[in-house]
1. Restricting the first residue to segment 80-109 and requiring it to be closer than 19 Å to Lys23 by Cα and surrounded by 13 or more Cβ atoms within 10 Å (Cβ to Cβ), which pairs with a second residue that is acidic (Asp, Glu) and at pLDDT below 95 meet a Cβ separation below 7 Å and a spacing of at least six or different chains?
2. If we scan segment 87-99, do we find a residue that is under 24 Å from Gly141 (Cβ atoms) and outside any helix (DSSP H, G or I)?
3. For segment 61-83, check the following and say yes or no: at least one residue is small (Gly, Ala, Ser), in a helix (DSSP H, G or I) and more than 17 Å from Gln148 (Cβ to Cβ).
4. Considering only segment 125-147, how many residues are buried (at least 17 other Cβ atoms within 10 Å of the Cβ) and assigned to a helix (DSSP H, G or I)?
5. Which condition number in (1) modelled with pLDDT under 95; (2) buried (at least 17 other Cβ atoms within 10 Å of the Cβ) is the one that Lys64 fails?
6. Looking at the structure I just gave you, is Phe121 under 20 Å from Tyr81 (Cα atoms), surrounded by 13 or more Cβ atoms within 10 Å (Cβ to Cβ) and modelled with pLDDT of 95 or more?
7. If you take the residues of segment 1-37 that are surrounded by 15 or more Cβ atoms within 10 Å (Cβ to Cβ) and out of contact with any strand residue (DSSP E or B) (no Cβ under 6 Å at 6 or more places or on another chain), which of them is farthest from Trp113 (Cα to Cα)?
8. Within segment 15-50, can you find the residues that are among the hydrophobic types (A, V, I, L, M, F, W, C) and free of Cβ contacts under 8 Å to residues at least 12 places away in the same chain?
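The values are calculated or read from the model by the stated rules, or taken from the named source; none is laboratory data. Remember, it's a predicted structure, so these values are computed and weren't measured experimentally. Backbone-built Cβ (ideal geometry, glycine too); neighbour counts: all protein chains shown.
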Amino acid sequence: MIYYLNNLIDANGMIKEGHLRLKDVWVLSRETKIIVHWNEHGQPIAESGGLLGLFLGVVAGNFKNFPISYEKWPLVPKEPYKNGAYRDIIQRFFKVDDGHQKKYILQNLGRKWKDDRCKLFNDNYNWNLTREQNIALLPKGVGVSLNQWATFIDYRLKSRTQVIV
């Protein structure tokens, strides 16, 4: 298991060092946040940046946070999805601002969401089966409803989507 050395800040502003694994982030107390370090280009760096990147991958890959039924990231509504995930999930565990850092995080979530959708389709769609048979093979454990899966399959089977992907 990989441990990341991070600076943690509590509700009183006290900063301490902590060794965290990705799964440790989810059980941090409500008063504790991970301080993310950023470089001059507005990118997260050091171990806090690595941990944030892994965390964003988990958040983007849970399709309850960002449904797959939207054709592209700009169509995913800011409320409740983008701003909700940023406010209720990201800011719950990481000390980040609502300016450039939020913009970076939402763009990163969008890339990861797009990649995860492609992987979900490639891992679960069988070209030897009919559309209806594929819809019946709803992926389990990824937070996708049958309606979302059907809408997503229809999107992926459009001729213009086939050209893009």
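1. none
2. No, that holds for no residue.
3. Taking segment 61-83 first, the residues small (Gly, Ala, Ser) are 61, 69.
The next check asks that each one be in a helix (DSSP H, G or I); those that pass are 61.
Checking which are more than 17 Å from Gln148 (Cβ to Cβ) leaves us with none.
Scanning segment 61-83, I find no residue that is small (Gly, Ala, Ser), in a helix (DSSP H, G or I) and more than 17 Å from Gln148 (Cβ to Cβ), so the answer is no.
4. So the answer is 2.
5. Unmet for Lys64, out of (1) modelled with pLDDT under 95; (2) buried (at least 17 other Cβ atoms within 10 Å of the Cβ): (2).
6. no
7. Looking at the filtered set, the residue picked out is Leu28.
8. Selection gives Val27, Ile45, Ala46.
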